[in-house]
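Here is the structure we will look at.
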Amino acid sequence: MTATPNHDPSGQLVVTPPRRVGIGDAAAFVGTTPRAIRHHHAIGLLPEPERGSDGRRRYGPDEITRLLWIRRMADAGIALADIRDAFGDAPVDAAESSAEPGVEAVLERLERALVAKQAALERQRDAVRRMRARGARLGLLADVVAGRLDALPEGALRRQDVDTLLVTERVFGPLGAAVQASRFIALASDPELRAASDRVDATEAALDDTVDVDDPRVAEVAADRAAFERMLHAAVDATGLSDAEDALFDDDDSGDGDGDDGGDVKPAPDGVADPGGDRQARVMSAAGAISRLPLDFSPARLRSAALAAALAADEPPTGSATDGG
């Protein structure tokens with residue numbers, strides 16, 4: 001039923017409001033749709049109103065008022081289920097104070113959620129800013145890692161360098177990757193050192209599944225790798241990069257260990273920015289991460305890597321005296 005226009009004795013138009021309206025008029029007044037109102041009924045948010053002689057729903061002032069509150073609360077970001085819980089089982093026409101415990105609890109929960117969402121959005125904005133300032137990939141590394149690479153000229157780093165830092169950050173955390181950054185700074189700053197690295201990488205890659213672990217080339221490649229690593233470490237020391245590494249450890253007051261048991265994740269150290277968007281940066285324990293990291297190396301290449309590590313461990317520090325010459 002809609003309003004009926006009439007005229008009073010003076011000829012003025014008088015509109016007599018209906019006592020109840022149909023779902024279409026109710027939706028139009030509230031600013032919603034009949035379908036939405038039917039959904040409110042279906043989920044128990046709005047009790048079923050009286051029905052007319054034609055079997056259709058008829059909405060009175062109390063139902064309209066409740067629909068208006070539902071619309072306002074939904075516009076404020078409150079989920080329909082929370083609105084339903086806030087109203088509880090109170091009848092539509094119940095006399096209620098303006099301070100409703102159910103609504104207050106919902107609003108408190110909503111505010112907490114909005115604060116968390118705002119913090120997540122700020123982290124995402126920070127990540128986007130870093131990506132725009134440093135590049136899409138560098139900007140996603142932790143600040144303590146990417147900050148060490150800022151002075152390098154554009155294009156000095158290779159995609160593989162950044163990929164390696166990402167994996168290292170996952171395994172050993174941002175501090176471990178920040179230390180490893182010295183390696184790539186040295187390579188990016190010295191073309192001859194980079195060329196030597198490429199040569200050793202190529203000989204290692206040649207140790208594929210067709211090469212037996214006892215093949216003499218395995219030991220030869222291991223010796224080449226150990227010699228290159230000594231040369232690289234000397235370059236890191238000579239350029240002061242090792243001093244920068246020491247400063248990183250001096251500044252780190254997180255007390256983080258190098259992992260616990262079984263591969264549980266642990267939060268990144270305090271003060272390390274999270275570039276990952278809507279959650280805190282996470283690092284696995286080293287043992288847990290390494291056990292899950294695929295490495296497509298042949299047995300011969302793995303044997304060569306182990307030999308190279310043993311040679312590096314047995315090598316005396318650069319510049320120290322050796323017995324027997």
Practice item. Go through segment 191-230 and count every residue that is under 24 Å from P153 (Cα atoms) and of a type in the set (S, T, Y). Key: 1
Practice item. Output the number of the condition that A227 fails; it satisfies all remaining conditions of (1) free of Cβ contacts under 8 Å to residues at least 12 places away in the same chain; (2) surrounded by 14 or more Cβ atoms within 10 Å (Cβ to Cβ); (3) not in a helix (DSSP H, G or I). Key: (3)
Point to revise | Cβ-Cβ under 9 Å pairs, at least 6 apart or on other chains, segment 20-49 side within 12 Å of L68 (Cα to Cα), far side acidic (D, E) | key: A26/E63; L46/E63
Point to revise | The one condition in (1) over 38 Å from the mean Cα position of the chain (by Cα); (2) modelled with pLDDT under 90; (3) crowded, with 16+ Cβ neighbours inside 10 Å that V106 fails to fulfil | key: (1)
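Any chance segment 138-159 includes a residue that's within 25 Å of V221 (Cβ to Cβ), in the same structural domain as S304 (by TED's automatic domain parsing) and not aromatic (F, W, Y)?
Just the residues of segment 138-159 that are within 25 Å of V221 (Cβ to Cβ), to begin with: 158-159.
Checking the rest, the ones that are also in the same structural domain as S304 (by TED's automatic domain parsing) come to 158-159.
Checking which are not aromatic (F, W, Y) leaves us with 158-159.
The answer is yes; a qualifying residue exists.
Restricting segment 280-325 to residues that are among the β-branched types (V, I, T) and exposed (fewer than 15 other Cβ atoms within 10 Å of the Cβ), which is modelled with the lowest pLDDT? Explain how you work it out, then say what you get.
Pass one, segment 280-325, residues among the β-branched types (V, I, T): 283, 290, 318, 322.
So of that shortlist, the ones also exposed (fewer than 15 other Cβ atoms within 10 Å of the Cβ) come out as 290, 318, 322.
Details: I290: 72, T318: 44, T322: 39.
So, considering only residues that are among the β-branched types (V, I, T) and exposed (fewer than 15 other Cβ atoms within 10 Å of the Cβ), the one modelled with the lowest pLDDT is T322.
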Exercise for review: Quickly run through segment 32-55 and pick out the residues that are surrounded by fewer than 11 Cβ atoms within 10 Å (Cβ to Cβ), charged (D, E, K, R) and over 15 Å from P18 (Cα atoms).
Suggested key: R35, E48, D54
Point to revise | Where a residue in segment 98-125 is under 17 Å from A74 (Cα atoms) and its partner, wherever it lies, is modelled with pLDDT under 90 and assigned to a helix (DSSP H, G or I), with Cβ under 6 Å and at least six apart | key: G102/A86; V103/A86; V106/D82; V106/A86
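The values are calculated or read from the model by the stated rules, or taken from the named source; none is laboratory data. Fair warning: this is a prediction, and the values are worked out from it, not measured in the lab. Don't worry about glycine lacking a Cβ; one is built from the backbone with ideal geometry, like all the others, and counts go over all protein chains shown.
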